[in-house]
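The structure appears right after this line, and notes come after that.
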Amino acid sequence: MGNPMEPAAVEPGDEAHLVRLAQAGDKDAFQELIRQHQHGVFTLALRLVNDREQAADIAQDAFIRAWRGLPRFRGDAAFKTWIHRITVNAAWTFKKRAKRHLASPLDDASPLADPTLSGNLERAGENLELRERLRAALDQLPRPQRTVVVLKDIYGWSHGEIAEALGITISAAKVRLHRAHHRLRDHLGGER
């Protein structure tokens with residue numbers, strides 16, 4: 001048996017237990033939470049700012065904010081949802097600091113569709129073309145609309161979650177999404 005003063009070995013899947021340990025100051029437990037969520041946090045940041053270096057900085061900032069805010073985490077939402085909200089806020093803070101108002105292209109690291117399609121090369125080519133057209137259409141959106149599209153259509157967040165993360169009303173989140181979808185349809189020539 002191990003030392004009774006040491007925490008028991010934690011299974012990687014036992015997130016609630018890891019959160020409790022991290023809230024009690026266990027840095028190893030928090031490191032495991034980082035390991036489990038680092039890819040998702042980085043990918044979300046990358047989709048929001050389209051710059052790998054900036055996304056890495058945002059992800060790091062998000063985890064620092066999470067560590068500092070962990071004592072206030074009540075578990076009302078899943079840890080993944082909570083860390084993603086922190087990531088969105090960190091990205092918005094970064095963008096405000098950088099005072100960048102122009103939309104930038106989505107990076108190749110954010111695939112919108114699977115180009116393989118079970119080996120069907122013709123369909124894969126069509127899918128790749130559609131992905132590129134969608135990426136170009138997303139590039140045309142203002143950042144606030146693009147952010148709402150990424151969170152709603154790619155990550156599946158509710159309007160309420162988006163509103164809370166961005167500090168806007170649910171109505172504003174719906175309006176941004178509606179306007180973004182309208183612009184996307186216009187850019188894609190009315191295709192669905």
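No value in this document is a laboratory result; all are computed from the given coordinates. Please read all numbers here as calculations on a predicted model, not as lab measurements. In this analysis, Cβ positions are derived from the backbone assuming ideal geometry, glycine residues included, and neighbour counts consider all displayed protein chains.
Which net charge results when you count Lys and Arg as +1 and Asp and Glu as -1 among the other residues whose beta-carbon is under 10 Å from that of V88? Present the calculation step by step, with values, prior to reporting the outcome.
Details: positive: R85; negative: E161, E164.
Net charge around V88: -1.
Please compute the alpha carbon radius of gyration of the range 21-68, then divide it by the globular-protein estimate 2.2 N^0.38 Å. Two decimals is fine.
1.19
In what order do D26, D186, D61 fall by count of nearby beta-carbon atoms within 10 Å, going from fewest to most?
On the way: D26 15, D186 11, D61 18.
Ranking D26, D186, D61 by Cβ neighbours within 10 Å, fewest first, gives D186, D26, D61.
With 22 Å as the cut-off, how large is the P(r) tail for the range 11-100, expressed as percent of Cα-Cα pairs?
Summing the P(r) tail past 22 Å for the range 11-100 gives 24 percent.
What are the ³J(HN,Hα) couplings of the range 54-65, residue after residue, when phi is run through the Karplus curve with 6.51, -1.76, 1.60 and θ = phi - 60°? Round to Hz, x for glycine and proline.
Going residue by residue, I get 5, 4, 5, 5, 5, 4, 4, 4, 4, 5, 5, 4 Hz, with x marking Gly and Pro.
Mind checking the full-extension length gain between Q31 and R74? Use 0.36 nm per residue of separation minus the Cα-Cα distance, one decimal, nm.
Extra length available between Q31 and R74 comes to 13.6 nm.
Roughly what would the spin-label model give for A56 and S171, points 7 Å off Cα along C-beta, in nm?
That separation, rounded to one decimal, is 4.4 nm.
For the range 131-191, run through the GluC sites (Glu not before Pro) and keep only the ones in DSSP coil with at most 14 other Cβ atoms within 10 Å of their Cβ.
Sites meeting the loop and neighbour criteria: E191.
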